[in-house]
Amino acid sequence: ASFLLLCFRTSLVAPLVLGLLLQPPLTQLSIITQPNIVLLMADDLGIGDVGCYGNDTIRTPNIDRLAKEGVKLTQHIAAAPLCTPSRAAFLTGRYPLRSGMDAINNYRVIFWNGGSGGLPPNETTFAKILQQQGYSTGLIGKWHQGVNCESRNDHCHHPLNHGFDYFYGMPFTLISDCQPTETPEMDRVFRRKLWVYTQMIGLVTLTAALGRLTGLISVRWKTLTCLAGFSLLFFVSWFSSYGFVRYWNCIMMRNHEVTEQPMVTDRTTSLILRESISFIERNKHKPFLLFLSFLHSHTPLLTTEKFLGRSSHGLYGDNVEEMDWMVGQVLDAIDKEGLKNTTLVYFASDHGGWLERQEGKRQLGGWNGIYRGGKAMGGWEGGIRVPGIFRWPGVLPAGTVIDEPTSLMDIYPTVVHLAGGVLPQDRVVDGRDLMPLLRGTVEHSEHEFLFHYCGIHLHAVRWHQKDSGAIWKAHYVTPVFRPLGAGACYDRGFCPCFGEGVTHHDPPLLFDLSRDPSEAKPLSADTEPLFDTVIRKIGRAIEEHRRTLTPVPEQLSLYNVVWKPWLQPCCGTFPFCWCDKEGDN
């Protein structure tokens, strides 16, 4: 009997033990379920502005905590060095050139809410795929991918037309024009020229009129009337847009409704934080995607009184420390709802810090650490190498540092696969799924080549030679820094992509970033035996890459960029556009 009982127990235990042995580990189970996804993106933040990337004077304890509890990428690369194209690449997983979101001229970003360019409706964002997979999707903060195409309310470029269920924030971007006490920032040089032309035309008209009245000049009244009419029309033609930038561009929206026009900057930070936490609380019972797109740390550096004067880096440092506090508040909300172990959190910046952004002796832009160059520079590391941090307790190994080339475009396939979605098969997706690299199941990034554009112009290419560990970078075009010897284009305020402000290199400048991350010492055929081999290899990669490009409508063409009154979002009857629905509440 005891023998039969033992056999019976064995027959029960054996399948149970076998079943346990065949179960995948906990991390595998976590991968199968759909995690919540929180994407935190700073604006214009330099890689050298964050504690865990080497800054010891600006305090960023919450961002540093993310790195300590997760995975830090040290070679995380933006697909463009400016807001609009970089974010287009982030949302679509594709070089912005493929969607027409890179510029053919000097207008390299969306310039007006009332423009007609923007992220094309036929582009499939990661939000759209996650929405189809049952996720609640929300965007809080900055959009900067356009609003309308043909009419004031068609909202063809709007976040809600690109897979987001909920939107609260700026359809444009924060600029100094949004703060009445600040010096205007938008198209500053062009505006000055328009003022000069207006004054010159006005002076000619006035001189002609006085000459006619005194009899010194023989001119007909009809000619004077036409001249005066032209002067008035010229003034109205530009002042109707540039004279009201704060009303046209500095607005807040909730979904399709304009809630503040112009925005009340004193409360913007608190409202964005409140909306972010509220979105988490509302959607805690089902998978959600929250894209918190900070207005920090873009000028005019909106900073609440609580954080003013706290940093040794002036207003810019205060602003970064406030953003870090906001990151902490969002992480606390995730913890409070018991979602920490089921939520993938990602933190990055859209591109490098803006070196030229200064007012007098005040530095209002970020710092890019040891890396050369900054915002708007398509090739130099300082414009495109950004912080990149992932945290997912129990799935991603804590305290890990990965020094492999990765891209902001990689977020697209990574979150799509985590959500159980399928990548679009009818287009090229340039991003790569990062989960195997983040979890340590593979040693190297899938990227062999990354192409660094400035507008539509290819400025540099990096080649990750995995067998040797070398990371070669060839620069075909570089901006001309002025004054000579400076590290940026201080004479222009922005480095250009083409024309007299750039230098073409043949043969290209070559660096090995694994030995020279600051790009300080270009190699040559005399100093590097592999020089010719590397240049040929990169040249063939460029040819293959260009064969994958197809012509698409230019979203940042001059026509698409200019302000169109009939496309201007308005919370009243145009042109009487002003409201404060948040204040009314």
Restricting to aspartates and glutamates and to Cα separations under 13 Å from residue 521, and discarding same-chain partners fewer than 8 apart, the set is 512
Relative contact order for the chain using alpha-carbon pairs under 8 Å, separation at least 6, rounded to a whole percent? 26 percent
Size of the chain along its principal axes in angstrom, Cα-based, largest extent first? 133, 69, 50
So who's got an amide H within less than 5 Å of the one on residue 163, skipping anything under 5 residues away but keeping other chains? H placed 1.01 Å off N, in plane. none
The ³J(HN,Hα) series, computed from each phi in the range 150-165 with the Karplus coefficients 6.51, -1.76 and 1.60 at θ = phi - 60°, rounded to the nearest Hz and given as x for glycine or proline, is 10, 9, 4, 10, 6, 6, 5, 9, 5, x, 5, 8, 10, x, 8, 6
Using a 1.4 angstrom probe on heavy atoms only, work out the carbon and sulfur share of the accessible area of the range 188-242 in %. 74 percent
Amide hydrogen neighbours beyond the local backbone of residue 75, cut-off 5 Å, H modeled: 404, 406
With R₀ set to 25 angstrom, the calculated FRET efficiency between the beta-carbons of residue 547 and residue 525, to the nearest 0.05, is 0.35
DSSP beta bridges in the chain [antiparallel fraction, %, rounded to 5]: 55 percent
Can you list the lysines whose alpha carbon sits under 23 Å from that of residue 581, skipping same-chain ones fewer than 8 residues off? 142
If you put +1 on each Lys and Arg Cβ and -1 on each Asp and Glu Cβ, how big is the dipole of the range 472-543 around its Cα centre, in Debye rounded to 20? 160 debye
Using only Cα atoms, find the angle between the long axis of helix 221-242 and the longest principal axis of the chain, and express it within 0 to 90 degrees, rounded to the nearest 10. 20 degrees
Under 19 Å from the residue 444 label point (7 Å along Cα→beta-carbon), backbone N, the range 505-539: 511-516, 530-531, 533-539
How large a share of the accessible area of the range 441-585, in percent, is made up of carbon and sulfur atoms when the probe is 1.4 Å and the other protein chains stay in place? 55 percent
Taking H placed 1.01 Å from N in the peptide plane, check which residues at least 5 places from residue 476 or on another chain put their amide H under 5 Å from its amide H. 460, 461
When only the heavy atoms of the protein chains count and the probe is 1.4 Å, how do 220, 98, 267 rank by accessible area, highest first? 220, 267, 98
Tell me, what are the semi-axes, in whole angstrom and largest first, of the equivalent ellipsoid of the range 188-242 as set by the roots of 5 times the Cα gyration tensor eigenvalues? 26, 12, 5
Express in Å², to the nearest 10, the accessible area of residue 344 obtained by rolling a 1.4 Å probe over the protein heavy atoms while all chains stay in place. 0 Å²
Averaged per residue, what accessible area in Å² does the chain show with a 1.4 Å probe, protein chains only? 42 Å²
Of 128/306; 375/537; 306/361, which ones are farther than 32 Å apart at the Cα? 128/306
Could you tell me which of the pairs 72/286; 68/340; 72/466 are separated by over 18 angstrom between their Cα atoms in the structure shown? 72/286; 72/466
If you average the alpha carbon positions of the range 499-548 and of the range 141-162, how far apart do those two centres end up, in angstrom? 39 Å
Can you compute 3J(HN,Hα) from phi for each residue in the range 417-433, using the Karplus curve 6.51 cos²θ - 1.76 cosθ + 1.60 with θ = phi - 60°, rounded to whole Hz and x for Gly and Pro? 5, 4, 7, x, x, 10, 5, x, 9, 9, 7, 7, 10, 8, x, 10, 5
Accessible area (Å², 1.4 Å probe, nearest 10) - residue 574: 70 Å²
For the chain, size of Cβ-based charge dipole, Lys and Arg +1, Asp and Glu -1, in debye: 840 debye
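The values are calculated or read from the model by the stated rules, or taken from the named source; none is laboratory data. For clarity, every value in this text was computed on a predicted model and none was experimentally measured. In this analysis, Cβ positions are derived from the backbone assuming ideal geometry, glycine residues included, and neighbour counts consider all displayed protein chains. Accessible surface areas use protein heavy atoms only, side chains included; no ligands, DNA or RNA. Shrake-Rupley method; radii C 1.70, N 1.55, O 1.52, S 1.80 Å.
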